[in-house]
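The values are calculated or read from the model by the stated rules, or taken from the named source; none is laboratory data. What you see is a predicted model; the values in this text were computed from it and never measured. We place every Cβ from the backbone using ideal geometry, glycine too, and count neighbours over all the protein chains shown. The area values use the complete protein model at the heavy-atom level, side chains included, leaving out ligands, DNA and RNA. Shrake-Rupley method; radii C 1.70, N 1.55, O 1.52, S 1.80 Å.
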Amino acid sequence: MIRIERGPEPTSLPPEREHRLSAARRALADGEAQVFEGHGVAKAALYEAQHGKCAYCEMVQQRTAQPVEHFRPKARVTQEPRYVTSTTGYWWLAWTWTNLYFSCTTCNSPARKGNHFALELGSTPLTPEQLPPSEERPLFIDPAAKDEDPIAHIVFVQAKRGHWIPRPRRGSKRGSYTIDKLGLDRTELVTLYRNHVERTVQPCLDDVRAALQRDVPREVHHAWSRCLRRLFHPKAPFHALSYDVLDGLVPTDVRIRWRLDLPRPWNLSRP
Ligand SMILES: [Zn+2]
């Protein structure tokens, strides 16, 4: 998972929000079911802002079949006994730009993120119509939230047979909850991670190592820059994984000696 810059909300969303939210308030007052439709007008803008990738697992997606995901669940929140949770859904945020993401159907499925939305202990859930963050501190990493750094919470570590597995970085509880609930270590993703490392990251690293062997600074810097440009191209998948593979396989002392910077991927892939 990496940081996401949503950019400005699409002009089609505010009018949708205005009349849908009025209807949701009336339904609540009348004791009727609220209707959660219309947020799909934000989908094209989210898809573009996220370069066609799921906000959570970073897999490249087709736009058509994937849902618009509500970071704070709109209709209800799954109660989790070990955690603090809101007792209602965040219905008033169902058409709020900063609560919407484009995500894959698997990450957004009931068995994964679904309506899960636990809060840190000592945190206070928002009350209806209150805007985040207030006193609420979600355990889920919110990739577009101000000052959020997903890489500070999740690290990909090398495992057996060429596998790379996401783990909480330095025991991060938020990293742990996010990996667990989204299933970022699910089998099909772990296979895709391995393929990405073998087919895309390793050839880049081989070029860098060959340049290091030739001991020509200009060639080393060119190979490293090519590597970063390719792996952190906005449309390339699995930036966080690529970052950790480079961090793990090009030792810090080598990077310091050759002055090879490894910035956070989103600092490179901004337009
Ligand atoms: Zn996903």
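Numbers for the structure displayed
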read-out: Candidate lysines for bridging to LYS160, where Cα separation is under 26 Å - those fewer than 8 sequence places away on the same chain excluded; value: LYS173, LYS181
read-out: Span from the segment 109-152 Cα centroid across to the segment 31-62 one, whole angstrom; value: 17
read-out: Estimated distance in nm for a label pair at ARG255 and ARG199, the labels positioned 7 Å out from Cα along Cα-to-Cβ; value: 2.6
read-out: Set of segment 115-156 residues, backbone N closer than 11 Å to the point 7 Å along the Cα-Cβ line of ARG82; value: none
read-out: For the chain, the spread of Cα positions along each principal axis, largest first, Å; value: 75, 40, 31
read-out: Spatial separation of Cα centroids for segment 171-218 and segment 233-270, in angstrom; value: 10
read-out: For the chain, calculated [θ]222 nm from helices alone, where every DSSP H run of n ≥ 4 adds -39500 (n - 2.57); value: -10500 deg cm²/dmol
read-out: Candidate aspartates and glutamates for bridging to LYS43, where Cα separation is under 20 Å - those fewer than 8 sequence places away on the same chain excluded; value: GLU5, GLU9, GLU16, GLU18, GLU58, GLU69, ASP142
read-out: Dimensionless Rg over Rh [segment 115-154; C-alpha; Kirkwood]; value: 0.97
read-out: Mean projection area, nm², convex hull over Cα of segment 21-63; value: 4.0
read-out: In degrees, nearest ten, helix 202-214 long axis to first principal axis of the chain (Cα); value: 30
read-out: Backbone N within segment 138-180 under 16 Å of label point (7 Å from ARG186 Cα along the Cβ vector); value: 166, 178-180
read-out: Under 5 Å, built H, 5+ apart or other chain: amide partners of ILE154; value: ARG169
read-out: Nearest-10 value in Å² for the accessible area of VAL35, using the 1.4 Å probe; value: 80
read-out: C-alpha long axis of helix 239-249 to longest principal axis of the chain, angle in °; value: 30
read-out: Normalised contact order of the chain, rounded percent, pairs of Cα under 8 Å and 6 or more residues apart; value: 17
read-out: Segment 26-33 - phi-based ³J(HN,Hα) in whole Hz, Karplus 6.51/-1.76/1.60, Gly and Pro as x; value: 5, 4, 5, 5, 8, x, 9, 5
read-out: Contact order normalised by residue count of segment 165-271, Cα under 8 Å, 6+ apart, percent; value: 21
read-out: With Cα atoms, 0 to 90° folded angle of helix 217-231 axis to the chain main axis; value: 30
read-out: Rg to Rh, two decimals, where segment 1-148 supplies the alpha carbon set and Rh follows Kirkwood; value: 0.94
read-out: For LEU100, residues with placed amide H under 5 Å, excluding near neighbours; value: PHE71
